[in-house]
1. Specify the inter-centroid distance of segment 107-130 and segment 160-217, based on alpha-carbon positions, in whole Å.
2. For segment 3-340, just say rounded, prolate or oblate: build the C-alpha gyration tensor, square-root its eigenvalues into a ≥ b ≥ c, call rounded for a/c under 1.5, and beyond that prolate if a/b exceeds b/c, oblate if not.
3. If packing is taken as the mean number of other Cβ atoms within 10 Å per residue, what is the order of 22-29, 262-269, 242-249, 225-232, highest first?
4. For the chain, give me the percentage of DSSP beta bridges that are antiparallel, rounded to the nearest 5 percent.
5. For 275, 183, 21, what ranking results if the residue with the fewest other Cβ atoms within 10 Å of its Cβ goes first?
6. In whole Å, what three semi-axes, largest first, describe the equivalent ellipsoid of segment 240-341 built from its Cα gyration tensor (square root of 5 times each eigenvalue)?
7. Helix-only estimate, please: 222 nm mean residue ellipticity of the chain, summing -39500 (n - 2.57) across DSSP H runs of length 4 or more and dividing by its residues, to the nearest 500.
8. So, in Å, what gap is there between the alpha-carbon centers of segment 259-284 and segment 16-63?
């Protein structure tokens, strides 16, 4: 019996509470999930060093930065303020596709980037901060799930001083969406990684599909005794992250905290945020800086809500203004899981 068939033994129409505290363990410390990880990238702002410098006194938990930016903006390597860093492989910075949270195309032409340059960054990376490295991916490259897992294992085998976060991608470019059953059939092979990752746009074609696929993966991982965090790349807004969290995901990052302002449980246009919360006479520069600080505080509050959701055995009221919508989505997930399994 393969793992896809095994998952069918979950009682139809019943879904356990999939959100739990899971752990990322380093040689220095253990960090508990859920984790809301502010991402820094030149795709969001070409002067990313300035944002890092400004926000360092406000951020105490993990951040995500790109090896591409580390290579081409050497000063980024001197980061010392977070307790843990997610080091992305740089694939996002060298593509021109528009992502969900992006409000404009980057004008800068991507520079040369490949696995050799990524390896060069890793080989010279300082070890004073616990670092989670993301497996290398390139937007032109498509491989079977088996091949992706095999190559990622070999990649991390030579870099044991990093924690490993495998980013699984669709097997064929024309697919767009990853075949979750293909991952589930290889579930035992994921035990060697510290974190299992997927991009938001590739884990499903709708919000409900993404929630369903995350839930199916979590159920399969639980059955295989793989209590590893699931990382959803590109999801950090106050609505999507809780939806994927209640579906079984644990780590969330994106650039929305740079591109938008969080206000009353939503991600909104910065100028609207200025009208709703800040003095109208604020100059643009001050407004943007204040938005960064407020967004970081909003993420801390959302993380607290998520932890409270776990400690209260799934009380949706902890999500306050979004509680009804999140509970409604959870009920839809229960129905969909019953239909899918």
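Here, each number is a calculation from the coordinates, and none is a lab measurement. Predicted model, so just to flag it, every value in this text is computed and none were measured. All Cβ positions, even for glycine, are placed from backbone atoms using ideal geometry, and neighbour counts span all protein chains on display.
1. Answer, in whole Å: 23.
2. It comes out oblate by the Cα gyration axes.
3. Going from most to least packed, we get 242-249, 225-232, 262-269, 22-29.
4. Around 20 percent antiparallel, to the nearest 5.
5. Least crowded to most crowded, the residues run 275, 21, 183.
6. Numbers: eigenvalues 192, 34, 30 Å².
Over the Cα atoms of segment 240-341, the semi-axes work out to 31, 13, 12 Å.
7. Mean residue ellipticity, 222 nm, calculated: -11000 deg cm²/dmol.
8. Here the answer is 23 Å between Cα centres.
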